[in-house]
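Structure first, commentary second.
Here, each number is a calculation from the coordinates, and none is a lab measurement. Remember, it's a predicted structure, so these values are computed and weren't measured experimentally. For neighbour counting, all protein chains shown are included, and Cβ atoms are generated from backbone atoms with ideal geometry for every residue, glycine included.
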Amino acid sequence: MGEKPRGDPRRLLSGLSYTEKWKHRIKCDVAYVFYHPLCTYNFQIKGKKVASFHSEAFLKKVVPLKYGMIPMLASYGTRILGPLELRGFDAVHVNFPQDTIKHRRIYTIPHWVDTDTFRPGWSKGDIFTVLYVGRAVWQRGWEAFLRIARVLKSLGIKCRYAGGYVAEKAVESLGYISNPVMLSMAYGTSHVLLNPSAVDGGGKAVMESLACGTPVIARRTSEIDYLKLPIIDGRQESEFIQSVLKIKQMWECSSEYANVSRKCRSSVEKFSYEAVIGMFESMFKEVASL
């Protein structure tokens, strides 16, 4: 827990070479590139290339002004330049099927979850607790979460936020949690995860919570539907509140909550690191052999 880490990112790379500059000349068997418009200028690669998409900003057909200038440029730049630039890539990787991406060779490989670290076993407190994980920004549903939290507080339910600090009486801030074990504890000691995002799949937080046996209430997204995750669907804020109260009733009947918790855990075991990393290895080997 604590403040978001700042400084040289090389400290996170376990000795791997890292350099920041506008143009990189790279020679390799396969390069895995986080796609952005003009990335073929930034990364001039001699070898096979895989373009990857990890941000919904590149994929949305209509980008709200609230997103800001950079996401809008990324979205419109991808639509204008993407079809031309992607021709130079040997493959494309997405986390879930994307109708807006056209390429001759697309690999759909989901996020993985560390099921060894994120697992059940944490003791839950006597006060029913709701958790929000992620950035405190509108596209993650932060404003909706605050309104929901104020109502839940009046009903005697605790709401916690993992991702920073916020001056809000209805929410307990846990700070920025960089330690996976501490993050697992935040999920595991909570009774339900709230993910009210309308435009961000939030798949990783959802899977981590489920791996800890903590149920999830979320707005359905293409990613969640593709993964067939057993989330409780929430669309309106009133539905989120009613679903929280329903899970609270299950928790008060401990056997019913325990059954739901086991189903949560079993639903993501197929997305373990060992299972998903094999998909990446197969993709890289296939692309390298082209």
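Quick notes on this structure:
- Estimated FRET transfer efficiency (K21, S173; beta-carbon r; R0 41 Å; 0.05): 0.65
- Beta bridge orientation in the stretch 129-271: antiparallel %, DSSP, nearest 5: 5 percent
- For the chain, the longest principal axis of the alpha carbon atoms and the long axis of helix 254-268 meet at an angle near 0°.
- Remark: F96, F240, F118 ranked as F96, F118, F240, counting other beta-carbon atoms within 10 Å and listing the fewest first.
- Extension gain for K46 to Q236 (0.36 nm times residue separation, less C-alpha to C-alpha distance): 63.4 nm.
- Debye-sum result for the stretch 129-271 in log10 I(q)/I(0), which assumes one identical scatterer on each alpha carbon, at q = 0.11, 0.19 Å⁻¹: -0.35, -1.15
- Once the Cα-Cα distance is subtracted from the 0.36 nm per residue extended length, the Y32 to W122 segment shows a gain of 28.7 nm.
- Part-to-part distance (alpha-carbon centres) for the stretch 159-183 and the stretch 106-145, which is given in Å: 12 Å
- Here the relative contact order of the stretch 172-290, from alpha carbon pairs under 8 Å that lie six or more residues apart, stands at 23 percent.
- Angle between the chain longest axis and helix 142-154 axis [Cα atoms, degrees, rounded to 10]: 10 degrees
- Added length on full extension, which subtracts the Cα-Cα distance from 0.36 nm per residue, E269 to R79: 64.8 nm
- With Cα atoms, 0 to 90° folded angle of helix 237-252 axis to the chain main axis: 60 degrees
- Extents of the stretch 9-54, taken as max minus min of Cα coordinates on every principal axis and listed largest first, are 27, 21, 20 Å.
- In plain terms, the residue of M72, M250 with the fewest other Cβ atoms within 10 Å comes first and the most crowded comes last, giving M72, M250.
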